Amino acid sequence: KNSYVFVEFNSPLSNKEIGLFSYNNKILIRNFYTRNGKITLKAFNNDVEDIKVSENDDFYIIGKIFVK
């Protein structure tokens with residue numbers, strides 16, 4: 001809230017970077033974690049559950065987020 005973000009579209013993400021994602025027809029900004037080929041999207045709010053992306057999900061990375 002009351003923040004600006006900059007998106008670098010089509011940019012690959014490394015582990016623990018912040019990204020803009022399309023996940024099952026929702027647009028999300030989350031921390032990106034990958035381990036052993038599995039992807040987890042972690043929210044900044046600890047009250048929100050992590051998302052473990054599966055093969056059946058409609059998922060793609062829109063870009064990398066830069067917070068200012």
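Mean separation of Cα pairs under 8 Å and 6+ residues apart, divided by the residue count of the chain: what relative contact order is that in percent?
44
Give the relative contact order (percent, whole number) for segment 14-53; include only Cα pairs under 8 Å separated by 6+ residues. Walk me through the numbers before you get to the answer.
Numbers: 63 pairs, mean separation 11.3, N = 40.
Taking the mean separation of contacting Cα pairs over the length of segment 14-53, I get 28 percent.
Probe radius 1.4 Å, ligands and nucleic acids ignored: give me the carbon and sulfur share of the accessible area of the chain as a rounded percent. Kindly include the intermediate steps, with their values, before the conclusion.
Details: 2510 of 5380 Å².
Of all accessible area on the chain, carbon and sulfur atoms account for 47 percent.
How much accessible area per residue does the chain have, counting only protein heavy atoms and a probe of 1.4 Å, in square angstrom?
Per-residue accessible area for the chain comes out at 79 Å².
Assign unit charges at the C-beta atoms only (+1 for Lys and Arg, -1 for Asp and Glu), then state the dipole size of the chain relative to its Cα centre in Debye, rounded to the nearest 20.
240
DSSP loop (so not H, G, I, E, B), at most 11 other Cβ within 10 Å: list which GluC sites (Glu not before Pro) in segment 5-56 pass both filters.
Details: sites: E8, E17, E49, E55; in loops: E17, E49, E55.
Loop-located and lightly packed - E49, E55.
Given H placed 1.01 Å from N in the peptide plane, which residues other than close sequence neighbours of F59 have an amide H under 5 Å from its amide H?
N24
The values are calculated or read from the model by the stated rules, or taken from the named source; none is laboratory data. All figures in this text were calculated on a predicted structure; none of them were measured in a lab. When we count neighbours, we look across all protein chains shown, and the Cβ atoms used for this are built from the backbone with ideal geometry, even at glycine. With ligands, DNA and RNA removed, areas are computed over all heavy atoms of the protein, side chains included. Shrake-Rupley method; radii C 1.70, N 1.55, O 1.52, S 1.80 Å.
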